[in-house]
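The values are calculated or read from the model by the stated rules, or taken from the named source; none is laboratory data. As the structure is a prediction and not an experimental result, all values here were calculated from the model. Don't worry about glycine lacking a Cβ; one is built from the backbone with ideal geometry, like all the others, and counts go over all protein chains shown.
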Amino acid sequence: MLIELKQNSFRFTADPTLVIPLFRNLSDEENLRIIKGILELSDKEVDEVLAVVVRSLPGRYRNITSLFEKHFEQVNPFIKQAGSDPESLSDSRKSLLGAAFTFDFPVEAAGLFSPSVAFHPDQTELNSGEKRLIFVLRAIGPGHKSSLVFRSGVIDRNNQFTPEPSGKLLSAGEVVFPESYSKERFVKKLHCLNGKYEDRFYDRLFTRLQDTFTASQLKSELEALVEAHQIPESFFIEVEQALETSFELDFSIDAGLSEKIIYPFSEKEKKGYKSPVLVKFDTPQNDPCYMGTCIADSGSGLRYKLFTTSDFYHFEFSNLFLDDEQLSHPALFPVKFNGKYALLASKRNGIYLAFSSDLNHWGDFVCIYEAHHAWELVKLTHSGAPLHTPQGWLIITQGTGPGGKTTLSALLFDKDNPAKMVAALNEPLLTSTYGDGLLQFGQVSGGAILHNETLIVPFSITRFNSTYAEISLEVLMKHMVAVPDLKRR
């Protein structure tokens, strides 16, 4: 008897009208041309043009004044080059200069997919059998630049989802870097740069640093070492990347969840973030703790990111280091095992597991499942984070077989020993159909949740549409076969 996920009619659909205001950075020549043009306007002309601009913006930007002020400050060096003192300009001229270097970026214009789901920290004002959910999805805008976006809503006792209204005043938040760094933690971070540099380079840097140091102090020491030919310039660049890609992100208290956009601000991650996996982590005090993993794309290479939050207003981002460059799609378990964190990762033909005493450094991976069926022989990965069930740890798999068909299936691992597989499906849960676009993307499902004894699995239908499917946990477990009975299909 075939088992199959029941697909819901609900859809998350890309909205090309949603925009975030970004700084427009042109060539030096163009920047100067625009600034000189605005500086030559009379005070009356400045007021008239600014009034037209402001009238066109209600309902598009949050806090227009501070936005234009921020962008004005970013072009201050060019204003000085144009022969003017930025501080001597009127507030209106400052605002107009800021507006001239502001443009709309439609974050979802080229796609919205790869959903991951977790239970919302706010479960108040709900009826019996209802739960509030958070989804994080990959959004793609012009230039194939990817951001992470959020949606929320309530799923009822019958597993019908009602989305909460989405806001329109999008915000990319404020990026905050630490005022100082711990030498001990930074040493550990740098030693995970794929082992590509000799110990003497690290030693030369670390002996010059204090126990705590600032970013400017670190860069000053690096520059001195490069100048003295004590370290290669490539080492300098790697250290800078480690520094610039670990940061905090703050959103204003009036920003709704759906208005928060995790947008790539760094040149080191300029193509953005993809394959998000969100996990609600279990803590001893049951405090809200969410951890997410994603892939950051520089345009020339990939790195893995960890982000944590308790309230979805303040996020901390850091890098994940895997000791095997062939591993991909890291996803955290929501609990510790014997005091250590656990992480899944995939290679082309298998799923791997590692333990670590901290969240950033992962090694000694062991293979816990190899491609077994025809539908996963071309490529195999896990879909999102493992799900804790009464029977054990459930892992949704995503396989690609001959002809490019994509299939979701499931594995079950021991509740106390996640390296020990105890059962698996001998058949697919969901398979793409030729020509319908179903499951055509590399990371279509971000895992699953358990609601009212039902497995809820989000996935992408096309590049612009995502939904979820469901199956009774009891029915699923009945179709699982013990490992010794697993047959190749």
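Restricting 376, 325, 316 to those that are charged (D, E, K, R), at pLDDT below 95 and over 23 Å from the mean Cα position of the chain (by Cα) reduces the list to 376.
Residues in the stretch 90-124 that are in contact (Cβ under 8 Å) with a residue 40 or more places away in the chain and more than 32 Å from the chain's Cα centre (by Cα): 90, 92, 93, 95, 96, 97.
Select from the stretch 92-144 the residues that are within 30 Å of residue 45 (Cβ to Cβ) and touching a helix residue (DSSP H, G or I) at 6+ places or on another chain (Cβ under 8 Å) and list them in ascending order. Let's see the steps before the verdict.
If we filter the stretch 92-144 for residues that are within 30 Å of residue 45 (Cβ to Cβ), which is where we start, we get 92-105.
Scanning the stretch 92-144 gives 92, 93, 94, 95, 96, 97, 98, 99, 100, 101, 102, 105.
Residue 394 meets each of the listed conditions (1) outside any strand (DSSP E or B); (2) surrounded by fewer than 23 Cβ atoms within 10 Å (Cβ to Cβ) apart from (1). For the stretch 380-390, the condition of being under 16 Å from residue 304 (Cβ atoms), crowded, with 19+ Cβ neighbours inside 10 Å and at pLDDT 95 or above holds for none of the residues. The set of residues from the stretch 127-159 being in a loop (DSSP other than H, G, I, E, B) and either free of Cβ contacts under 8 Å to residues at least 40 places away in the same chain or surrounded by 21 or more Cβ atoms within 10 Å (Cβ to Cβ) (or both) comprises 127, 128, 130, 156, 158.
Considering the conditions (1) in contact with a helix residue (DSSP H, G or I) (Cβ under 9 Å, 6 or more places away or on another chain); (2) free of Cβ contacts under 8 Å to residues at least 12 places away in the same chain; (3) of a type outside the set (D, E, K, R), residue 239 is excluded by exactly one of them, (2). Restricting attention to the stretch 278-305, the residues being more than 16 Å from residue 341 (Cβ to Cβ) and not in a strand (DSSP E or B) number 8.
Somewhere in the stretch 50-57, is a residue in contact with a strand residue (DSSP E or B) (Cβ under 8 Å, 6 or more places away or on another chain) and among the hydroxyl-bearing types (Ser, Thr, Tyr)?
Residues of the stretch 50-57 in contact with a strand residue (DSSP E or B) (Cβ under 8 Å, 6 or more places away or on another chain): none.
No, there is no match, as no residue in the stretch 50-57 is in contact with a strand residue (DSSP E or B) (Cβ under 8 Å, 6 or more places away or on another chain) and among the hydroxyl-bearing types (Ser, Thr, Tyr).
Scanning the stretch 272-331 for residues that are touching a residue at least 12 places away in the same chain (Cβ under 8 Å) and among the β-branched types (Val, Ile, Thr), which turns out nearest to residue 145 (Cα to Cα)? Among those that are touching a residue at least 12 places away in the same chain (Cβ under 8 Å) and among the β-branched types (Val, Ile, Thr), it is 295. The numbered conditions (1) modelled with pLDDT of 95 or more; (2) outside any loop (DSSP other than H, G, I, E, B); (3) buried (at least 20 other Cβ atoms within 10 Å of the Cβ) are all true for residue 108 except (2). One residue stands out among those in the stretch 183-199 that are surrounded by 13 or more Cβ atoms within 10 Å (Cβ to Cβ) and not in a helix (DSSP H, G or I): the one that is modelled with the lowest pLDDT, which is 193. Residues considered: 258, 252, 234, 275. Of these, the only one that is under 15 Å from residue 139 (Cβ atoms) and not in a strand (DSSP E or B) is 258. For the stretch 160-182, residues that are at pLDDT 90 or above, acidic (Asp, Glu) and assigned to a loop (DSSP other than H, G, I, E, B) total 1. If I filter the stretch 411-433 for residues that are assigned to a strand (DSSP E or B) and either among the aromatic types (Phe, Trp, Tyr) or within 23 Å of residue 294 (Cα to Cα) (or both), do I get at least one hit? Within the stretch 411-433, one or more residues are assigned to a strand (DSSP E or B) and either among the aromatic types (Phe, Trp, Tyr) or within 23 Å of residue 294 (Cα to Cα) (or both).
Pick from 21, 86: which is more than 32 Å from the chain's Cα centre (by Cα) and surrounded by 14 or more Cβ atoms within 10 Å (Cβ to Cβ)?
Values: 21 fails: more than 32 Å from the chain's Cα centre (by Cα).
Result of the check over 21, 86: 86.
Picking from residues in the stretch 205-231 that are hydroxyl-bearing (Ser, Thr, Tyr) and part of a helix (DSSP H, G or I), the one that is surrounded by the most Cβ atoms within 10 Å (Cβ to Cβ) is 220.
Restricting attention to the stretch 33-67, the residues that are free of Cβ contacts under 8 Å to residues at least 60 places away in the same chain, under 13 Å from residue 99 (Cα atoms) and in a helix (DSSP H, G or I) total 13.
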